[in-house]
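In what follows, a single structure is set out as structure tokens and then discussed.
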Amino acid sequence: MKGCLVRHERVFPKVVCALAMIGGTVTGVLATAPPAQASAEPSTYYVSLGDSYSVGYQPGRGATPGYTAIVAKSTGLKLVNFGCGGATTTSLVSSIGCPDVLPHTAGAVVYPTTTQEAAAEGFLTDHRGHIGLITVSIGGNDVTACATQANPIGCVSTAVAGITKNVTNLAVALRTAAGASVPLIGLTYPDVILGSYVYPKQPAPAAAASLAKLSVVAFKSLINPALAKSYAAGNGSLVDVTKATGAYVPLSRTVRYRPYGTIPTAVARVCSLTWFCSQGNIHATTTGYTLIGKLVVARFNSTRRR
């Protein structure tokens with residue numbers, strides 16, 4: 001959501017915007033899904049679904065190659081990207097089209113008369129036997145409102161029920177459309193709320209620091225286990241980006257990190273991989289997207305060796 005920071009600053013000083021913007025940009029290109037090929041088509045496709053992380057959004061730059069370009073280059077697969085900024089697990093399966101168009105999204109297609117899920121499933125069905133990989137980045141926007149609640153963990157617990165239902169149905173549907181052998185990899189997110197230790201104010205106000213600590217619990221105990229279970233229902237797997245980006249490192253472990261001085265190592269890691277600490281924007285930097293891409297490639301390679 002390109003307007004998120006403006007819209008939510010009045011509600012909860014820029015911390016709300018962090019969760020609100022997970023996956024929160026807009027995307028699309030003036031193109032249509034590639035037509036079905038003959039059965040002898042040589043191309044093998046990499047199909048991406050999800051929110052703004054799936055289109056590599058960065059503040060001030062719009063869509064960038066992101067992790068999907070890293071994956072496509074490393075695997076030699078042709079990227080077909082159905083990602084749509086602002087998508088939730090509900091909108092992905094029920095909203096028609098993508099609400100806005102952001103040029104330069106790598107491999108993007110548009111689907112003005114159908115849902116993201118239906119468009120992707122149609123492509124998978126039409127190209128069955130020529131799909132090499134499916135990735136999905138979704139779920140962050142489902143917990144947006146929880147940052148303003150008196151009981152954020154209770155709010156996330158309630159949201160997780162919907163996430164589990166929607167992603168389970170999506171994973172099963174994608175598996176049915178693609179076939180049994182196609183790797184299906186779901187992704188979660190860096191815990192950018194840890195960055196509230198230093199943004200917008202250091203030292204962090206007590207409420208911001210408390211929310212940051214609770215965000216680790218939300219990812220580790222609620223959101224990520226639900227996503228892992230849901231993708232497993234479609235014989236897929238989850239890449240725990242939260243863990244890989246250092247969020248589970250105890251906050252008592254510290255490091256000196258410019259310009260903030262001594263801060264928790266987990267916070268420094270988020271500062272180095274996302275725009276949150278410098279701008280209050282939750283999206284990954286080029287370095288962050290590159291790391292995510294490498295994580296996907298590693299999982300893809302391990303899946304193919306089984």
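In the stretch 76-216, Cα pairs under 8 Å separated by at least six residues give a relative contact order of 24 percent. Per atom type, the stretch 189-306 shows carbon and sulfur on 56% of its accessible surface, probed at 1.4 Å.
Here r is the Cβ-Cβ distance between ALA298 and SER221 and R0 is 30 Å; the resulting FRET efficiency, rounded to 0.05, is 0.75. For ALA108, the residues whose modelled amide H falls within less than 5 Å of its own, excluding neighbours fewer than 5 places apart on the same chain, are ASN81. What separates the Cα centres of the stretch 249-306 and the stretch 164-195 is a distance of 21 Å. In percent, rounded to a whole number, the relative contact order of the stretch 159-285 is 31, using alpha-carbon pairs under 8 Å and six or more apart. Taking a ≥ b ≥ c as the square roots of the eigenvalues of the Cα gyration tensor, an a/c ratio of 1.5 or more together with a/b no larger than b/c marks the stretch 147-306 as oblate. The separation of the stretch 106-125 from the stretch 51-74, counted between C-alpha centres, amounts to 18 Å.
The phi torsions of the stretch 287-300, fed into the Karplus equation with coefficients 6.51, -1.76 and 1.60 and a -60° offset, translate into couplings of 4, x, 5, 5, 4, 4, x, 5, 5, 5, 4, 4, 5, 4 Hz, rounded to whole numbers, with Gly and Pro shown as x. Of all beta bridges that DSSP places with both ends in the stretch 134-278, some 35 percent have antiparallel geometry.
The stretch between ARG258 and ASN151 holds 35.2 nm of extra length on full extension. This uses 0.36 nm per residue minus the Cα-Cα distance.
The values are calculated or read from the model by the stated rules, or taken from the named source; none is laboratory data. Keep in mind it's a predicted model, so treat the numbers as computed, not measured. For neighbour counting, all protein chains shown are included, and Cβ atoms are generated from backbone atoms with ideal geometry for every residue, glycine included. Note: accessible area is taken over every heavy atom of the protein model, side chains too, but ligands, DNA and RNA are not part of it. Shrake-Rupley method; radii C 1.70, N 1.55, O 1.52, S 1.80 Å.
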